[in-house]
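Accompanying notes for the structure given below.
The values are calculated or read from the model by the stated rules, or taken from the named source; none is laboratory data. All of these numbers come straight from a predicted model, not from anything done at the bench. Heads up, the Cβs are rebuilt from the backbone with ideal geometry, glycines too, and the neighbour counts pull from every protein chain shown.
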Amino acid sequence: MSRRLVGQTAWISGAASGIGEATARLFAAEGARVGLADLQADRGGDVERAIRSAGGEALFVPCDVTREDSVRSAIDDVAGRFGGLQIVVNCAGIVHGKLLHEYDAADWDRLMAVNVRGIFFAIKHALAHLRLNERSYVVNIGSISSFVGQAGTPAYTASKFAVLGLSRSIALDYADIGLRCNCVCPGITDTPMLRHHLHATPDPAATLSRRLHRVPTGRALPPDDIARSVLYLSCEDSAGVTGTSLTVDGGYLAAAEWETSRVTLPSDLP
Ligand SMILES: NC(=O)c1ccc[n+]([C@@H]2O[C@H](COP(=O)([O-])OP(=O)(O)OC[C@H]3O[C@@H](n4cnc5c(N)ncnc54)[C@H](O)[C@@H]3O)[C@@H](O)[C@H]2O)c1
């Protein structure tokens, strides 16, 4: 098996669950020392133990990405423990399923603080460590909602457009120090966030099935599929790639149709 991240340390927010957890496990298997930053201490501790019992190196650091002091100390703790930092992956995120007129300012600000301001804090405080390396990597998790409007999630969609724009700007401003910054944009991915979002609807199974009709591959993506794209952008396999986005969505954004089963091949295709 390849060990693409030997000698590298990665700080991953949202690492206690879903895409962040899958990324942490994959990075550790590839030889990285991983800092697991998350609000959820119980789950974060479980991920840390699982990585260590598989022979990897991991440190859980409690972190609220909305608080600058919390992000700064979580980054400094990981860099201090592992003797430097080369990779930052910003996975922490939340979603609300509600319309614009149902928001109050506090809810709106909370979502933006987790999904956007948290990335600002992480990159700002990681830079002191990243700049000490010849090469360094930042990968931010956007969404298909970085490109198109999604019904019922106005704040989330606004936040994910911001994540893509921020990623491009960071790529420009810090290229001189050897930093590459890119955005991975997942489609419908089977994580606790997705299940929580679906369970807020009257019929979760029907909601999922309706949404998957829009996906040519017809299934929710496993978090490991997203993690592999994050890995690609966090090592020299992607040398020369910066300021861009990698959509991993089972073809969602390629489809103009609402019902992709209508465009699948006929069974008598030669
Ligand atoms: N699941 C999907 O379908 C999907 C699709 C597109 C994009 N995304 C994005 O992928 C990223 C990961 O989402 P996921 O689906 O794995 O969700 P998830 O809920 O499984 O994981 C998100 C993690 O972020 C952590 N978190 C939330 N607020 C935090 C805070 N203030 N400080 C620190 N950690 C915090 C949570 O504790 C959780 O562990 C998010 O940015 C999400 O928007 C998910």
### Message
I'd like to know if the range 133-140 contains one or more residues that are surrounded by fewer than 22 Cβ atoms within 10 Å (Cβ to Cβ) and aliphatic (A, V, I, L, M).
### Response
no
#### Entry: Single residue of the range 90-110 satisfying the filter (more than 10 Å from the ligand (Cβ to nearest atom) and touching a residue at least 12 places away in the same chain (Cβ under 8 Å)) that is surrounded by the most Cβ atoms within 10 Å (Cβ to Cβ)
96
### Message
For the range 153-172, give me each residue that is over 27 Å from residue 135 (Cα atoms) and not aromatic (Phe, Trp, Tyr).
### Response
153, 154, 155, 157, 158, 159
### Condition check for residue 224: in contact with a Lys or Arg (Cβ under 8 Å, 6 or more places away or on another chain) and surrounded by fewer than 18 Cβ atoms within 10 Å (Cβ to Cβ)
no
### Task
Pick out the one residue from 114, 138, 88 that is within 21 Å of residue 190 (Cα to Cα) and among the aliphatic types (A, V, I, L, M).
114
### Query
Does residue 10 satisfy being part of a loop (DSSP other than H, G, I, E, B) and within 16 Å of the ligand (Cβ to nearest atom)?
no
### Filter result for the condition that a residue is surrounded by 14 or more Cβ atoms within 10 Å (Cβ to Cβ), assigned to a loop (DSSP other than H, G, I, E, B) and either at pLDDT 95 or above or of a type in the set (Ser, Thr, Tyr) (or both), over 229, 234
234
### Residue in the range 51-67 that is nearest to the ligand (Cβ to nearest atom), counting only those that are more than 17 Å from the chain's Cα centre (by Cα) and among the charged types (D, E, K, R)
67
### Given (1) over 18 Å from residue 139 (Cα atoms); (2) touching a Ser or Thr at 6+ places or on another chain (Cβ under 8 Å); (3) assigned to a helix (DSSP H, G or I), index of the condition residue 19 fails
(1)
### Query
Mind checking whether some residue in the range 43-58 is touching a residue at least 40 places away in the same chain (Cβ under 8 Å), farther than 18 Å from residue 163 by Cβ and touching a Leu at 6+ places or on another chain (Cβ under 6 Å)?
no
### Task
Go through the range 31-50 residue by residue and tally those that are assigned to a loop (DSSP other than H, G, I, E, B) and either crowded, with 24+ Cβ neighbours inside 10 Å or within 13 Å of the ligand (Cβ to nearest atom) (or both).
3
### Query
Out of the residues in the range 185-202 that are buried (at least 18 other Cβ atoms within 10 Å of the Cβ) and within 6 Å of the ligand (Cβ to nearest atom), which is farthest from residue 21 (Cα to Cα)?
188
### Query
What residue, of 205, 220, is more than 10 Å from the ligand (Cβ to nearest atom) and without any contact (Cβ under 8 Å) to a residue 40 or more places away in the chain?
205
